[in-house]
Amino acid sequence: MDLSSINPLLLLASLMVASTPILLAALGELVVERAGVLNLGVEGMMITGAACGIIFSTLTGNAWLGFAGAALGGLMLSFLFAVLTQVLLSNQVATGLALTLFGLGLSALLGQSFADARPPAFPKLDIPILSDLPVLGPVLFRHDGMVYIGLLLVVAVWYFLSRTRAGLVLRAVGENHEAAHALGYRVVLIRFGAIMFGGACAGLGGAYISLVRVPQWTEGMTAGAGWIALAIVVFAGWKPLRLLLGAYLFGGVTVLQLNLQAAGLAIPVEYLSMSPYVATILVLVILAAGRAPGSLGKTFHASR
Amino acid sequence: MITLERRPQPSRAWSYLSPLLAVIVTMIVGGLVFAALGKPPVEAIRTIFWDPLFGDFASYFRPQLLVKAAPLILIAIGLSFGFRAGIWNIGAEGQYIMGALFGAGLALAFYPSEARWLVFPLMIVAGTLGGLIWAMIPGLLRVYFRTNEILVSLMLVYVADFLLDAMALGLLRNPDGMGFPGSRNLQQYPAAHNAELIANTGMHWGVIAAFFAVVAAYILLSRHIFGFNVRLAGQSPRAAAFAGVSADKMVLICLGLSGALAGMAGMFEVAGPSGQVLASFNVGYGFTAIIVAFLGRLHPVGILLAGFLMALTYIGGELAQMNLQLPRSAIQLFQGMLLFFLLAVDVMTNFRIRFGRQKVA
């Protein structure tokens, strides 16, 4: 084994890249859950986003359009979830599972003719001055645009939830939908919006895997990233800024085990590959979660 | 103006009708999807649902029905208890793998024993135990650390999957296999082989276990205090707590039961139809069983029927893959769609549709 082959700066830089898909998906789910809806279909929406991203970017030759298509794909899938859970009042846990199973099949079907497609290169930003800084430059400032969009979204969601009136209404709907309804807020409408935002974010996260991290299409390529995103929302105690910490923690474990594999650690690859999942479980156990939104996962029906 | 009005009591008629309606709607929409793929829709649907049972080569496919349905039913019966009580074990796939690994591991530890009376029963115990242990992890973590059992059980699927890879390449690899991955073939190891009991029927010990599980679950749910407590815990957790039903105990029992049955299913599969510990051993029965459980309305008899229907889509799907070059993922999509439509149609069980504006009382 040659541990000296692991460059800590490169490790930190790839950590930001590795955590971006989960960060995006988890951020969307955080908003959904703050609105009181538990969407377990993140994995399905992510993988559909990954497939849509490949399709749109190869057809148009533009990676940004690929991301837009992925967001649209995730959004449409989440719309199905919204109709089922908000209009037809189905069980959210079961519907979320159905969404994941459906998304896995749908993405496999959509992506099968794009198995050999190579998505267009997604350029890394070269920010003048900043990216030339020693140490900080390569770690923080030489990534592609989506990494920064992810970070900006975290700040935007934090600002929205804690500093705006609309965010307060959304949280009210999540804490107590009966009370919010009594105050005249459109519970179902607000939840539709939140669910679709979550779907678009999950789609973006999935596309980041298929367009930047891998970059190509393989069936089931998200490999549980959506479920880890769900776990990180719990870990973060439903707070956007803590979400960043959770995503980086997970990204760190992923990158580290990949580097250890490459360095030829004397542990079989399979056991190293398990580590992100085991780490997620450990994190869930060790860190007592914050308080979940009061109406999380409950069905709302305005009876009169 | 269309509004939904809650029924005073869930409609019995709709609770029987909605799975049927969901199947029909799925067939129609599925047919449209197949047509969009450029395949003849009616022929595709017939290939999936009719030909395996009554087509030209039905005698070859019919035994497969039992082989494929048994693990689905066995796992779904276990899951149904938890789902009724609001305990979501969605990691049955992992428990299924662990059952197979424990069962096969025990058999291979005894190799080349000829004492079938000893090895085979021990394998069943080991397989059951393997699934049970794997399901107890989310159970105990939920009881002692309040972690979410959905996420933990699902994470453990990936862990089990990698463990399976590691075992197929490492500890359980066939020493006489000339370096190929995979364990010894248990089909060629008489003491451990879960063989067909009656030739050309597909009937093996796992099928018997599945039927037994259906009967036991029916009695447990309708005649035993445990079944009552499960239903109570699901419908009103507060009432259950006042009635002295320990929520923690319920979590452990429901997860343990589903894990044990999933593990048993995995052991029967690895010792029989599959034969080998291989990386490609699991084909998603643990996830499809979730669909089976819901499609069967969490009722043992319903699950029995739903299990056969889903087994049919597996077999018919393979047939359609061969005859019509229908992609495998189309079948996966089809199965996902079925659960979707079921959940959508289910609204009619608890609500009725009112047309026109309601008068203000």
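The values are calculated or read from the model by the stated rules, or taken from the named source; none is laboratory data. In this text the structure is predicted, and so the values were computed from the model without any measurement. All Cβ positions, even for glycine, are placed from backbone atoms using ideal geometry, and neighbour counts span all protein chains on display.
Residue by residue, here is whether (1) more than 14 Å from every other protein chain (Cβ to nearest Cβ); (2) surrounded by 14 or more Cβ atoms within 10 Å (Cβ to Cβ); (3) closer than 30 Å to A:G226 by Cα holds:
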residue: B:V152; (1), (2), (3): no, yes, yes
residue: B:G179; (1), (2), (3): yes, no, no
residue: B:N185; (1), (2), (3): yes, yes, no
residue: B:Y189; (1), (2), (3): yes, yes, no
residue: B:E196; (1), (2), (3): yes, yes, no
residue: B:G206; (1), (2), (3): yes, yes, no
residue: B:V214; (1), (2), (3): yes, yes, no
residue: B:I219; (1), (2), (3): yes, no, no
residue: B:S222; (1), (2), (3): yes, no, no
- in contact (Cβ under 8 Å) with a residue 60 or more places away in the chain, away from every other protein chain (no Cβ under 14 Å) and within 27 Å of B:F341 (Cα to Cα), is that true of A:G73? yes
- Query: If we scan the range A:289-298, do we find a residue that is touching a residue at least 60 places away in the same chain (Cβ under 8 Å), out of contact with any Leu (no Cβ under 6 Å at 6 or more places or on another chain), surrounded by 14 or more Cβ atoms within 10 Å (Cβ to Cβ) and more than 28 Å from A:G174 (Cα to Cα)?
  - Reply: no
- Query: Out of (1) farther than 20 Å from A:Y208 by Cβ; (2) touching a residue at least 40 places away in the same chain (Cβ under 8 Å), what's the single condition that is false for A:V255?
  - Reply: (1)
- Enumeration of residues in the range A:213-239 that are β-branched (V, I, T) and either closer than 14 Å to A:N39 by Cβ or part of a helix (DSSP H, G or I) (or both): A:I228, A:I232, A:V233, A:V234
- Which of the residues belonging to the range A:249-279 are buried (at least 20 other Cβ atoms within 10 Å of the Cβ) and of a type in the set (S, T, Y)? A:T254, A:S273, A:Y277
- Task: Of the conditions (1) more than 10 Å from chain A (Cβ to nearest Cβ); (2) farther than 16 Å from B:G259 by Cα, B:F145 clears all except one; give me its number.
- Result: (1)
- Note on the structure: Among the residues of the range B:187-215, the number that are modelled with pLDDT under 80 and closer than 16 Å to B:P71 by Cβ is 3
- Query: Can you find a residue in the range A:269-279 that is over 22 Å from the mean Cα position of the chain (by Cα) and away from every other protein chain (no Cβ under 11 Å)?
  - Reply: no
- Message: List pairs: first residue in the range A:201-228 and among the basic types (K, R), second residue modelled with pLDDT of 80 or more anywhere in the structure, Cβ distance under 7 angstrom, at least six positions apart or on different chains.
- Response: A:R213/A:V17; A:R213/A:P21
- Only one of A:I286, A:I232 is hydrophobic (A, V, I, L, M, F, W, C), under 13 Å from the mean Cα position of the chain (by Cα) and within 11 Å of chain B (Cβ to nearest Cβ), namely A:I232
- Message: Taking the criterion of being over 26 Å from B:H193 (Cβ atoms), more than 14 Å from every other protein chain (Cβ to nearest Cβ) and not acidic (D, E), would at least one residue in the range B:282-295 satisfy it?
- Response: no
